[in-house]
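**Student:** Quick one: the structure is below, and I'll ask about it shortly.
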Amino acid sequence: MKRPLSLKLSIAVAFLAMGLVIVLGYSMLSVQFFFRGMDSLLASNMETALASYVDTTSKQERKQGQEFSGYFISQDWAQQPAAIRQAFTMAPELSARLQKQAHKTWFTPPDLINFLIKLNMGDEVFFISRSISRDQVSPLIGRNAKQSRQLVLLLSIGISVLLALIVWVLIRHVSQPVSRLTRWTHELSPDQLKQDIPDFSYPELNEMAALIQRSLSTVHSALEREQQFLRFTSHELRTPISIIRNNVELSHKLGQQHGQSLPDKQMQIFDRIDRASLTMKHLTETLLWLSREQPQQLEQQRFSLDQLISQIVDEMRYLLRDKPVKIELHTSPSELTQSPAAVRIIIGNLIRNAFQHTWEGHITIQQKNNQVVIDNHCQLFNNDVKSQDQGFGLGLQLTEKLCKRLGWQYENQLQADGHHVRLLVSA
(Lines give C-alpha, C1' and ligand atoms only; values in the text may rest on other atoms or scores of the structure.)
Protein backbone atom coordinates (compact mmCIF):
# COMPACT_ATOMS: atom_id res chain seq x y z
CA MET A 1 0.00 0.00 0.00
CA LYS A 2 1.37 3.37 -1.02
CA ARG A 3 2.07 5.63 1.94
CA PRO A 4 0.48 9.06 1.45
CA LEU A 5 2.53 12.22 1.90
CA SER A 6 1.97 14.19 5.06
CA LEU A 7 0.42 17.65 4.83
CA LYS A 8 3.67 19.28 5.97
CA LEU A 9 5.75 17.48 3.35
CA SER A 10 3.16 18.16 0.63
CA ILE A 11 3.22 21.90 1.32
CA ALA A 12 7.04 21.95 1.43
CA VAL A 13 7.32 20.07 -1.87
CA ALA A 14 4.74 22.34 -3.50
CA PHE A 15 6.53 25.53 -2.38
CA LEU A 16 9.96 24.23 -3.41
CA ALA A 17 8.68 23.06 -6.79
CA MET A 18 7.03 26.43 -7.43
CA GLY A 19 10.21 28.25 -6.39
CA LEU A 20 12.45 26.09 -8.56
CA VAL A 21 10.17 26.65 -11.55
CA ILE A 22 10.33 30.44 -11.01
CA VAL A 23 14.14 30.38 -10.59
CA LEU A 24 14.60 28.22 -13.67
CA GLY A 25 12.27 30.42 -15.69
CA TYR A 26 14.05 33.63 -14.74
CA SER A 27 17.43 32.01 -15.37
CA MET A 28 16.42 31.05 -18.88
CA LEU A 29 14.95 34.52 -19.38
CA SER A 30 18.21 36.18 -18.30
CA VAL A 31 20.14 34.02 -20.77
CA GLN A 32 17.75 35.02 -23.54
CA PHE A 33 18.14 38.69 -22.63
CA PHE A 34 21.92 38.30 -22.75
CA PHE A 35 21.85 36.88 -26.27
CA ARG A 36 19.27 39.42 -27.40
CA GLY A 37 21.52 42.19 -26.12
CA MET A 38 24.42 40.78 -28.12
CA ASP A 39 22.21 40.55 -31.23
CA SER A 40 21.00 44.12 -30.76
CA LEU A 41 24.59 45.33 -30.45
CA LEU A 42 25.58 43.49 -33.62
CA ALA A 43 22.57 44.88 -35.53
CA SER A 44 23.50 48.38 -34.38
CA ASN A 45 27.06 47.86 -35.60
CA MET A 46 25.73 46.64 -38.97
CA GLU A 47 23.58 49.74 -39.31
CA THR A 48 26.55 51.98 -38.42
CA ALA A 49 28.77 50.18 -40.88
CA LEU A 50 26.13 50.61 -43.62
CA ALA A 51 25.89 54.33 -42.95
CA SER A 52 29.68 54.65 -43.26
CA TYR A 53 29.61 52.54 -46.39
CA VAL A 54 27.00 54.76 -48.05
CA ASP A 55 28.93 57.93 -47.12
CA THR A 56 32.27 56.68 -48.44
CA THR A 57 31.24 54.90 -51.66
CA SER A 58 29.51 56.06 -54.82
CA LYS A 59 26.29 54.66 -56.18
CA GLN A 60 28.16 52.95 -58.96
CA GLU A 61 30.47 51.20 -56.50
CA ARG A 62 27.55 50.21 -54.31
CA LYS A 63 26.07 48.19 -57.16
CA GLN A 64 28.86 45.66 -56.67
CA GLY A 65 28.81 43.65 -53.50
CA GLN A 66 31.91 44.08 -51.36
CA GLU A 67 33.24 43.73 -47.82
CA PHE A 68 33.29 46.77 -45.58
CA SER A 69 34.40 46.95 -41.96
CA GLY A 70 34.15 43.18 -41.62
CA TYR A 71 30.65 42.95 -43.18
CA PHE A 72 29.61 41.92 -46.69
CA ILE A 73 27.24 44.55 -48.13
CA SER A 74 25.29 44.22 -51.40
CA GLN A 75 22.13 45.52 -52.98
CA ASP A 76 21.44 42.26 -54.80
CA TRP A 77 20.73 39.06 -52.88
CA ALA A 78 22.54 37.03 -55.51
CA GLN A 79 25.75 38.92 -54.75
CA GLN A 80 25.86 37.63 -51.18
CA PRO A 81 28.44 34.89 -50.46
CA ALA A 82 27.36 31.34 -51.27
CA ALA A 83 27.65 30.30 -47.62
CA ILE A 84 25.17 33.02 -46.59
CA ARG A 85 22.71 32.14 -49.37
CA GLN A 86 22.99 28.46 -48.47
CA ALA A 87 22.46 29.12 -44.76
CA PHE A 88 19.34 31.30 -45.22
CA THR A 89 18.07 29.81 -48.54
CA MET A 90 16.11 32.97 -49.46
CA ALA A 91 16.37 36.73 -49.11
CA PRO A 92 14.76 38.27 -46.00
CA GLU A 93 11.45 40.01 -46.65
CA LEU A 94 11.29 42.28 -43.59
CA SER A 95 13.69 45.13 -43.02
CA ALA A 96 15.65 45.91 -39.84
CA ARG A 97 15.23 42.37 -38.45
CA LEU A 98 18.41 40.46 -37.70
CA GLN A 99 18.47 36.80 -38.71
CA LYS A 100 20.85 34.32 -37.16
CA GLN A 101 21.76 30.76 -38.09
CA ALA A 102 24.10 28.48 -36.16
CA HIS A 103 24.85 24.76 -35.90
CA LYS A 104 25.00 23.93 -32.18
CA THR A 105 23.93 21.43 -29.55
CA TRP A 106 22.67 21.81 -25.97
CA PHE A 107 26.08 21.40 -24.37
CA THR A 108 28.62 22.74 -26.91
CA PRO A 109 28.93 26.24 -28.41
CA PRO A 110 28.56 26.64 -32.20
CA ASP A 111 31.61 26.58 -34.47
CA LEU A 112 30.12 29.10 -36.92
CA ILE A 113 27.32 31.68 -36.73
CA ASN A 114 25.85 33.45 -39.75
CA PHE A 115 24.17 36.87 -39.41
CA LEU A 116 22.01 38.60 -42.01
CA ILE A 117 19.93 41.78 -41.99
CA LYS A 118 18.03 43.79 -44.56
CA LEU A 119 18.24 47.58 -44.19
CA ASN A 120 16.77 50.51 -46.14
CA MET A 121 18.96 53.54 -46.65
CA GLY A 122 16.98 56.23 -48.42
CA ASP A 123 15.52 54.65 -51.55
CA GLU A 124 18.13 51.91 -51.61
CA VAL A 125 17.90 48.40 -50.13
CA PHE A 126 20.99 46.67 -48.76
CA PHE A 127 21.74 43.14 -47.54
CA ILE A 128 24.41 43.01 -44.84
CA SER A 129 25.85 39.67 -43.65
CA ARG A 130 28.67 38.33 -41.59
CA SER A 131 29.98 34.86 -40.68
CA ILE A 132 31.77 34.57 -37.35
CA SER A 133 33.73 31.43 -36.43
CA ARG A 134 34.83 30.47 -32.97
CA ASP A 135 38.44 31.59 -33.52
CA GLN A 136 37.28 35.04 -34.65
CA VAL A 137 35.42 35.76 -31.43
CA SER A 138 37.17 38.13 -29.05
CA PRO A 139 38.32 36.54 -25.77
CA LEU A 140 36.57 39.39 -23.99
CA ILE A 141 33.18 38.23 -25.26
CA GLY A 142 33.91 34.69 -24.09
CA ARG A 143 34.90 35.92 -20.66
CA ASN A 144 31.80 38.09 -20.40
CA ALA A 145 29.56 35.19 -21.44
CA LYS A 146 31.23 32.88 -18.93
CA GLN A 147 30.89 35.42 -16.15
CA SER A 148 27.23 35.94 -17.02
CA ARG A 149 26.58 32.20 -16.85
CA GLN A 150 28.38 31.94 -13.52
CA LEU A 151 26.43 34.88 -12.15
CA VAL A 152 23.12 33.39 -13.27
CA LEU A 153 24.09 30.01 -11.77
CA LEU A 154 25.14 31.53 -8.45
CA LEU A 155 21.99 33.63 -8.25
CA SER A 156 19.85 30.58 -9.03
CA ILE A 157 21.55 28.48 -6.35
CA GLY A 158 21.38 31.32 -3.82
CA ILE A 159 17.69 31.99 -4.47
CA SER A 160 16.92 28.27 -4.29
CA VAL A 161 18.72 27.91 -0.95
CA LEU A 162 17.01 31.04 0.40
CA LEU A 163 13.63 29.76 -0.77
CA ALA A 164 14.25 26.36 0.87
CA LEU A 165 15.23 28.12 4.09
CA ILE A 166 12.09 30.27 4.02
CA VAL A 167 9.91 27.20 3.39
CA TRP A 168 11.62 25.32 6.24
CA VAL A 169 11.09 28.21 8.66
CA LEU A 170 7.47 28.62 7.55
CA ILE A 171 6.69 24.91 7.82
CA ARG A 172 8.39 24.73 11.20
CA HIS A 173 6.53 27.78 12.44
CA VAL A 174 3.18 26.36 11.28
CA SER A 175 3.79 22.70 12.10
CA GLN A 176 4.59 23.27 15.78
CA PRO A 177 1.08 24.53 16.64
CA VAL A 178 -0.42 21.76 14.50
CA SER A 179 1.68 19.17 16.32
CA ARG A 180 0.60 20.61 19.66
CA LEU A 181 -3.03 20.41 18.52
CA THR A 182 -2.51 16.77 17.50
CA ARG A 183 -0.93 15.87 20.86
CA TRP A 184 -3.67 17.73 22.74
CA THR A 185 -6.34 15.84 20.78
CA HIS A 186 -4.74 12.45 21.48
CA GLU A 187 -4.35 13.23 25.18
CA LEU A 188 -7.92 14.45 25.68
CA SER A 189 -9.69 12.80 28.59
CA PRO A 190 -13.14 13.36 30.12
CA ASP A 191 -11.58 15.64 32.73
CA GLN A 192 -9.66 17.69 30.15
CA LEU A 193 -12.83 18.26 28.14
CA LYS A 194 -14.01 20.55 30.93
CA GLN A 195 -10.79 22.61 30.98
CA ASP A 196 -9.96 25.68 28.89
CA ILE A 197 -8.55 25.19 25.41
CA PRO A 198 -4.81 25.98 25.07
CA ASP A 199 -3.69 28.68 22.66
CA PHE A 200 -2.45 27.20 19.38
CA SER A 201 -1.16 30.53 17.94
CA TYR A 202 -3.54 30.64 14.97
CA PRO A 203 -7.28 31.47 15.04
CA GLU A 204 -8.07 28.61 12.65
CA LEU A 205 -6.36 26.05 14.90
CA ASN A 206 -8.06 27.48 17.99
CA GLU A 207 -11.42 27.23 16.23
CA MET A 208 -10.68 23.65 15.23
CA ALA A 209 -9.69 22.79 18.81
CA ALA A 210 -12.93 24.30 20.08
CA LEU A 211 -14.89 22.28 17.52
CA ILE A 212 -13.10 19.08 18.55
CA GLN A 213 -13.77 19.80 22.23
CA ARG A 214 -17.47 20.48 21.59
CA SER A 215 -17.85 17.37 19.46
CA LEU A 216 -16.10 15.10 21.95
CA SER A 217 -18.03 16.64 24.84
CA THR A 218 -21.30 15.95 23.04
CA VAL A 219 -20.27 12.36 22.29
CA HIS A 220 -19.03 11.82 25.84
CA SER A 221 -22.25 13.21 27.31
CA ALA A 222 -24.34 11.03 25.03
CA LEU A 223 -22.24 7.98 25.93
CA GLU A 224 -22.55 8.71 29.63
CA ARG A 225 -26.32 9.07 29.31
CA GLU A 226 -26.53 5.84 27.34
CA GLN A 227 -24.41 3.89 29.81
CA GLN A 228 -26.29 5.37 32.75
CA PHE A 229 -29.59 4.49 31.10
CA LEU A 230 -28.45 0.92 30.44
CA ARG A 231 -27.21 0.50 33.97
CA PHE A 232 -30.31 1.97 35.57
CA THR A 233 -32.70 0.19 33.24
CA SER A 234 -30.98 -3.18 33.57
CA HIS A 235 -30.81 -2.98 37.35
CA GLU A 236 -34.34 -1.64 37.75
CA LEU A 237 -35.84 -4.24 35.40
CA ARG A 238 -34.30 -7.16 37.25
CA THR A 239 -36.56 -6.64 40.27
CA PRO A 240 -39.95 -6.65 38.46
CA ILE A 241 -38.80 -9.48 36.21
CA SER A 242 -37.82 -11.54 39.23
CA ILE A 243 -41.19 -10.78 40.85
CA ILE A 244 -43.05 -11.85 37.70
CA ARG A 245 -41.12 -15.10 37.42
CA ASN A 246 -41.40 -15.90 41.12
CA ASN A 247 -45.15 -15.33 41.08
CA VAL A 248 -45.58 -17.50 37.98
CA GLU A 249 -43.61 -20.31 39.61
CA LEU A 250 -45.53 -19.80 42.87
CA SER A 251 -48.84 -20.07 41.01
CA HIS A 252 -47.74 -23.37 39.43
CA LYS A 253 -46.62 -24.75 42.80
CA LEU A 254 -49.85 -23.71 44.54
CA GLY A 255 -51.85 -25.38 41.85
CA GLN A 256 -49.83 -28.59 42.19
CA GLN A 257 -50.14 -28.59 46.00
CA HIS A 258 -53.91 -28.24 45.95
CA GLY A 259 -54.31 -30.64 43.07
CA GLN A 260 -55.97 -28.01 40.98
CA SER A 261 -55.21 -27.19 37.36
CA LEU A 262 -56.02 -23.96 35.61
CA PRO A 263 -58.13 -23.88 32.46
CA ASP A 264 -56.25 -24.18 29.19
CA LYS A 265 -56.70 -20.53 28.27
CA GLN A 266 -55.33 -19.37 31.61
CA MET A 267 -52.42 -21.81 31.29
CA GLN A 268 -51.63 -20.33 27.87
CA ILE A 269 -51.64 -16.86 29.44
CA PHE A 270 -49.31 -17.99 32.22
CA ASP A 271 -47.01 -19.65 29.67
CA ARG A 272 -46.81 -16.47 27.61
CA ILE A 273 -46.01 -14.44 30.72
CA ASP A 274 -43.38 -17.00 31.69
CA ARG A 275 -41.74 -16.93 28.24
CA ALA A 276 -41.83 -13.13 28.01
CA SER A 277 -40.27 -12.75 31.46
CA LEU A 278 -37.53 -15.26 30.54
CA THR A 279 -36.77 -13.32 27.34
CA MET A 280 -36.68 -10.05 29.28
CA LYS A 281 -34.34 -11.63 31.80
CA HIS A 282 -31.88 -12.73 29.08
CA LEU A 283 -32.05 -9.35 27.34
CA THR A 284 -31.53 -7.49 30.61
CA GLU A 285 -28.48 -9.60 31.43
CA THR A 286 -27.07 -8.90 27.97
CA LEU A 287 -27.58 -5.14 28.23
CA LEU A 288 -26.11 -5.11 31.72
CA TRP A 289 -23.10 -7.01 30.42
CA LEU A 290 -22.54 -4.53 27.59
CA SER A 291 -22.79 -1.55 29.93
CA ARG A 292 -19.88 -2.79 32.01
CA GLU A 293 -16.56 -1.19 31.10
CA GLN A 294 -14.35 -4.10 32.23
CA PRO A 295 -16.09 -7.43 31.61
CA GLN A 296 -12.81 -9.32 32.08
CA GLN A 297 -13.06 -8.71 35.82
CA LEU A 298 -16.18 -10.87 36.13
CA GLU A 299 -16.02 -13.70 38.59
CA GLN A 300 -14.92 -17.00 37.05
CA GLN A 301 -15.72 -20.44 38.34
CA ARG A 302 -15.59 -24.08 37.32
CA PHE A 303 -18.69 -25.40 35.56
CA SER A 304 -19.80 -28.04 33.07
CA LEU A 305 -20.28 -26.63 29.56
CA ASP A 306 -22.31 -29.60 28.26
CA GLN A 307 -24.76 -29.41 31.16
CA LEU A 308 -25.16 -25.65 30.69
CA ILE A 309 -25.96 -26.11 26.98
CA SER A 310 -28.51 -28.85 27.76
CA GLN A 311 -30.13 -26.60 30.35
CA ILE A 312 -30.34 -23.68 27.90
CA VAL A 313 -31.88 -25.91 25.21
CA ASP A 314 -34.53 -27.12 27.66
CA GLU A 315 -35.32 -23.54 28.67
CA MET A 316 -35.67 -22.47 25.03
CA ARG A 317 -37.83 -25.36 23.79
CA TYR A 318 -40.97 -23.28 24.20
CA LEU A 319 -39.82 -21.25 21.16
CA LEU A 320 -40.29 -24.35 18.97
CA ARG A 321 -43.78 -25.17 20.23
CA ASP A 322 -46.15 -25.97 17.33
CA LYS A 323 -43.21 -25.84 14.89
CA PRO A 324 -42.18 -28.89 12.82
CA VAL A 325 -38.54 -28.50 13.84
CA LYS A 326 -36.26 -31.35 14.88
CA ILE A 327 -33.43 -30.74 17.36
CA GLU A 328 -30.21 -32.77 17.41
CA LEU A 329 -28.09 -32.16 20.50
CA HIS A 330 -24.64 -33.73 20.70
CA THR A 331 -22.53 -32.87 23.74
CA SER A 332 -19.50 -34.33 25.45
CA PRO A 333 -18.36 -33.82 29.06
CA SER A 334 -16.31 -30.64 29.33
CA GLU A 335 -15.27 -28.66 32.41
CA LEU A 336 -14.32 -24.98 31.97
CA THR A 337 -13.09 -22.23 34.23
CA GLN A 338 -14.87 -19.22 32.87
CA SER A 339 -17.67 -16.80 33.67
CA PRO A 340 -20.91 -18.84 33.57
CA ALA A 341 -22.94 -15.65 33.07
CA ALA A 342 -20.97 -14.70 29.95
CA VAL A 343 -21.22 -18.22 28.48
CA ARG A 344 -24.95 -18.38 29.24
CA ILE A 345 -25.62 -14.98 27.64
CA ILE A 346 -23.71 -15.71 24.41
CA ILE A 347 -24.79 -19.33 23.87
CA GLY A 348 -28.32 -18.44 25.00
CA ASN A 349 -28.50 -15.71 22.36
CA LEU A 350 -27.30 -18.08 19.64
CA ILE A 351 -29.70 -20.89 20.55
CA ARG A 352 -32.65 -18.55 21.09
CA ASN A 353 -32.14 -16.89 17.70
CA ALA A 354 -31.80 -20.23 15.96
CA PHE A 355 -35.05 -21.43 17.58
CA GLN A 356 -36.92 -18.22 16.88
CA HIS A 357 -36.07 -18.01 13.19
CA THR A 358 -36.36 -21.65 12.17
CA TRP A 359 -39.95 -22.32 11.14
CA GLU A 360 -39.57 -25.78 9.63
CA GLY A 361 -36.52 -28.01 9.36
CA HIS A 362 -33.95 -29.13 11.87
CA ILE A 363 -31.35 -27.61 14.20
CA THR A 364 -28.08 -29.30 15.11
CA ILE A 365 -26.15 -28.28 18.22
CA GLN A 366 -22.74 -29.87 18.69
CA GLN A 367 -20.37 -29.32 21.58
CA LYS A 368 -16.92 -30.82 21.95
CA ASN A 369 -14.49 -29.59 24.56
CA ASN A 370 -14.78 -25.77 24.48
CA GLN A 371 -16.13 -25.54 20.92
CA VAL A 372 -19.84 -25.12 20.12
CA VAL A 373 -21.26 -25.48 16.59
CA ILE A 374 -24.87 -24.58 15.74
CA ASP A 375 -26.48 -25.29 12.35
CA ASN A 376 -30.07 -24.39 11.56
CA HIS A 377 -31.63 -25.65 8.33
CA CYS A 378 -34.91 -23.90 7.59
CA GLN A 379 -37.12 -25.25 4.81
CA LEU A 380 -39.52 -22.31 4.88
CA PHE A 381 -38.08 -18.95 4.01
CA ASN A 382 -39.74 -15.59 4.46
CA ASN A 383 -39.25 -13.68 1.23
CA ASP A 384 -39.78 -10.40 3.03
CA VAL A 385 -36.70 -11.00 5.21
CA LYS A 386 -33.18 -10.56 3.89
CA SER A 387 -31.17 -13.75 3.47
CA GLN A 388 -28.53 -12.73 5.96
CA ASP A 389 -31.22 -12.40 8.65
CA GLN A 390 -32.62 -15.90 8.13
CA GLY A 391 -31.80 -17.88 11.26
CA PHE A 392 -30.51 -15.09 13.51
CA GLY A 393 -31.78 -11.70 14.62
CA LEU A 394 -30.84 -8.92 17.03
CA GLY A 395 -29.09 -11.33 19.41
CA LEU A 396 -26.48 -11.89 16.71
CA GLN A 397 -25.29 -8.28 16.99
CA LEU A 398 -25.13 -8.54 20.77
CA THR A 399 -23.21 -11.81 20.50
CA GLU A 400 -20.66 -10.29 18.12
CA LYS A 401 -19.99 -7.41 20.52
CA LEU A 402 -19.69 -9.70 23.52
CA CYS A 403 -17.30 -12.12 21.78
CA LYS A 404 -15.19 -9.24 20.55
CA ARG A 405 -14.87 -7.78 24.04
CA LEU A 406 -14.05 -11.19 25.54
CA GLY A 407 -11.63 -12.19 22.78
CA TRP A 408 -13.52 -15.39 21.89
CA GLN A 409 -13.40 -16.85 18.40
CA TYR A 410 -16.75 -16.48 16.70
CA GLU A 411 -17.75 -17.30 13.10
CA ASN A 412 -21.12 -16.99 11.39
CA GLN A 413 -21.44 -18.33 7.84
CA LEU A 414 -24.53 -17.89 5.69
CA GLN A 415 -25.63 -21.11 3.96
CA ALA A 416 -28.28 -21.91 1.36
CA ASP A 417 -30.92 -22.84 3.94
CA GLY A 418 -29.66 -21.32 7.18
CA HIS A 419 -26.57 -20.43 9.16
CA HIS A 420 -23.48 -22.22 10.41
CA VAL A 421 -22.11 -20.78 13.66
CA ARG A 422 -18.91 -21.79 15.42
CA LEU A 423 -17.99 -20.50 18.88
CA LEU A 424 -14.72 -21.23 20.63
CA VAL A 425 -14.90 -20.37 24.34
CA SER A 426 -11.60 -19.39 25.88
CA ALA A 427 -10.90 -21.86 28.68
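The values are calculated or read from the model by the stated rules, or taken from the named source; none is laboratory data. Here the structure is a predicted model, which means the values were calculated and not measured. Cβ placement follows ideal geometry from the backbone for every residue including glycine, while neighbour counts extend to all protein chains displayed. Just so you know, the surface numbers come from the protein's heavy atoms only, side chains and all, with ligands and any DNA or RNA stripped out. Shrake-Rupley method; radii C 1.70, N 1.55, O 1.52, S 1.80 Å.
**Student:** Around THR57, with a cut-off of 14 angstrom between Cβ atoms, what is the net charge of the other residues, counting Lys and Arg +1 and Asp and Glu -1?
**Tutor:** -1
**Student:** Which value in nm describes the separation of the simple spin-label points at ILE243 and ASP314, placed 7 Å from the Cα toward the beta carbon?
**Tutor:** Label-label distance for ILE243 and ASP314, simple model: 2.9 nm.
**Student:** Also, I was wondering about something else. Stretch ILE159-HIS330 to full length: gain in nm at 0.36 nm per residue minus the Cα-Cα span?
**Tutor:** 53.3 nm
**Student:** At 1.4 Å probe size, with no ligands or nucleic acids counted, give the accessible surface of GLU207 in Å², nearest ten.
**Tutor:** Here the residue's solvent-accessible area equals roughly 130 Å².
**Student:** Follow-up question, since we're still on this one. If the only charges are +1 at each Lys and Arg Cβ and -1 at each Asp and Glu Cβ, what is the size of the charge dipole of segment 74-200 around the Cα centre, to the nearest 20 debye?
**Tutor:** About 400 debye.
**Student:** Could you order the peptides 29-36, 306-313 from most to least packed, using the average number of other C-beta atoms within 10 Å per residue?
**Tutor:** With the highest mean Cβ count within 10 Å placed first, the list reads 306-313, 29-36.
**Student:** Where in segment 304-383 are there GluC sites (Glu not before Pro) that are in a DSSP coil and have at most 16 other Cβ atoms within 10 angstrom of their Cβ?
**Tutor:** GLU360
**Student:** Of all trypsin sites (Lys or Arg not before Pro) in segment 41-79, which ones are in loop regions per DSSP and have a Cβ with at most 10 other Cβ atoms within 10 Å?
**Tutor:** none
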